[in-house]
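A quick write-up on the structure given underneath.
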Amino acid sequence: MNPFCISDKFAIFAESLKYMQQIGLSELEARMAFASLCVEATAKKAGISYKEMFDRMKRVGLIQEYVKRLDPVHTQSRDYVTDEILHTLLRLEATIERRVD
């Protein structure tokens, strides 16, 4: 099982990606913009700063995986994606802590 897989149904907000591509962003730029949206929404849900959330996600490799692996075809709600990201982040952090101990 891929530890970075959010869920079998995970997908980005297709309408946001389509808009970003319509205004001339490359696919990589659109993916990076989506990763930024993920960080912001997840930080808000967790009640922490964008910077703290970014650092935590980067520490476990979640930022890099989002930029590389997002599938723009499917859609899920912002709340669903945010909840799944937070759940995955906590799981990855716990896995790393267990390895350190």
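Out of the residues in region 49-65 meeting the condition of being outside any helix (DSSP H, G or I) and within 13 Å of the chain's Cα centre (by Cα), tell me which one is surrounded by the fewest Cβ atoms within 10 Å (Cβ to Cβ). Only one residue fits best here, namely Gly61. Can you find a residue in region 29-48 that is assigned to a loop (DSSP other than H, G, I, E, B), open to solvent by less than 80 Å² (accessible area, probe 1.4 Å), at pLDDT 75 or above and over 14 Å from Glu84 (Cα atoms)? Checking region 29-48: at least one residue is assigned to a loop (DSSP other than H, G, I, E, B), open to solvent by less than 80 Å² (accessible area, probe 1.4 Å), at pLDDT 75 or above and over 14 Å from Glu84 (Cα atoms).
Only one of these is surrounded by 14 or more Cβ atoms within 10 Å (Cβ to Cβ), in a loop (DSSP other than H, G, I, E, B) and at pLDDT below 80: Gln21, Gln76. Name it. Quick ask: steps written out before the conclusion?
Numbers: Gln21 fails: in a loop (DSSP other than H, G, I, E, B).
Step by step, each of Gln21, Gln76 is checked, and only Gln76 is surrounded by 14 or more Cβ atoms within 10 Å (Cβ to Cβ), in a loop (DSSP other than H, G, I, E, B) and at pLDDT below 80.
Of the residues making up region 49-64, just one is closer than 17 Å to Asp83 by Cα and touching a residue at least 40 places away in the same chain (Cβ under 8 Å), namely Leu62.
The values are calculated or read from the model by the stated rules, or taken from the named source; none is laboratory data. Just so it is clear, the model here is predicted, and its values are computed rather than measured. Note: ideal-geometry Cβ built from the backbone for every residue, glycine included; neighbour counts use all protein chains shown. Note: accessible area is taken over every heavy atom of the protein model, side chains too, but ligands, DNA and RNA are not part of it. Shrake-Rupley method; radii C 1.70, N 1.55, O 1.52, S 1.80 Å.
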